[in-house]
Amino acid sequence: MKKLEYRGFSNTPSECKYGIGAINGKTAIVFHQTVQGGTSITNMIEHLTMHVLATDLPSVDPNQVRVFEHYDQHLRPVSEWQEV
């Protein structure tokens, strides 16, 4: 997984990790929230996805991409995984 540092709401320093793979013939991006603090991946998912598409997957059709978010259990005990 790669570490991604980004500026969240009010220019707040934030970070997550992400990995790229494939599911049923489509590219899959998984964003993983590892630390508390900053702006969550849920609130920045569109921006984070655009960043990964532009930097790591410039030739991939965005319509062929599935995006997931994952939280450590202690950060979101109700739902750890979610496709967005």
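The values are calculated or read from the model by the stated rules, or taken from the named source; none is laboratory data. Just so it is clear, the model here is predicted, and its values are computed rather than measured. FYI the Cβ positions are ideal-geometry reconstructions off the backbone, even for glycines, and counts take in every protein chain you see. Only protein heavy atoms, including side chains, enter the accessible area calculation; ligands, DNA and RNA are left aside. Shrake-Rupley method; radii C 1.70, N 1.55, O 1.52, S 1.80 Å.
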> From the list VAL84, VAL52, VAL65, VAL30, which residue is touching an Asp or Glu at 6+ places or on another chain (Cβ under 7 Å) and among the hydrophobic types (A, V, I, L, M, F, W, C)?
Replying inline: VAL84
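Okay, residues lined up against (1) of a type outside the set (Phe, Trp, Tyr); (2) exposed (fewer than 13 other Cβ atoms within 10 Å of the Cβ):
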site	(1), (2)
PHE9	no, yes
GLU15	yes, no
GLY25	yes, yes
SER59	yes, yes
> What are the residues in region 61-71 that are touching a residue at least 40 places away in the same chain (Cβ under 8 Å) and open to solvent by 40 Å² or more (accessible area, probe 1.4 Å), if any?
Replying inline: ARG66
> Are any residues in region 16-74 in a loop (DSSP other than H, G, I, E, B), over 16 Å from LYS2 (Cα atoms) and of a type in the set (Val, Ile, Thr), and if so, which ones?
Replying inline: THR39, VAL60
> How do the pairs read when you match residues in region 9-32 that are within 14 Å of ASP56 (Cα to Cα) with residues anywhere that are open to solvent by 70 Å² or more (accessible area, probe 1.4 Å) and of a type in the set (S, T, N, Q), using Cβ under 8 Å and keeping only pairs 6 or more apart or on different chains?
Replying inline: THR27/GLN64
> Just to be sure, is THR49 open to solvent by 40 Å² or more (accessible area, probe 1.4 Å) and within 9 Å of the chain's Cα centre (by Cα)?
Replying inline: no
>> Cβ contacts < 8 Å: first residue under 15 Å from GLN82 (Cα atoms), restricted to region 33-51; second residue assigned to a loop (DSSP other than H, G, I, E, B) and of a type in the set (Val, Ile, Thr), any location; separation 6+ or different chain. Result?
In response: THR42/VAL84; ILE45/VAL84
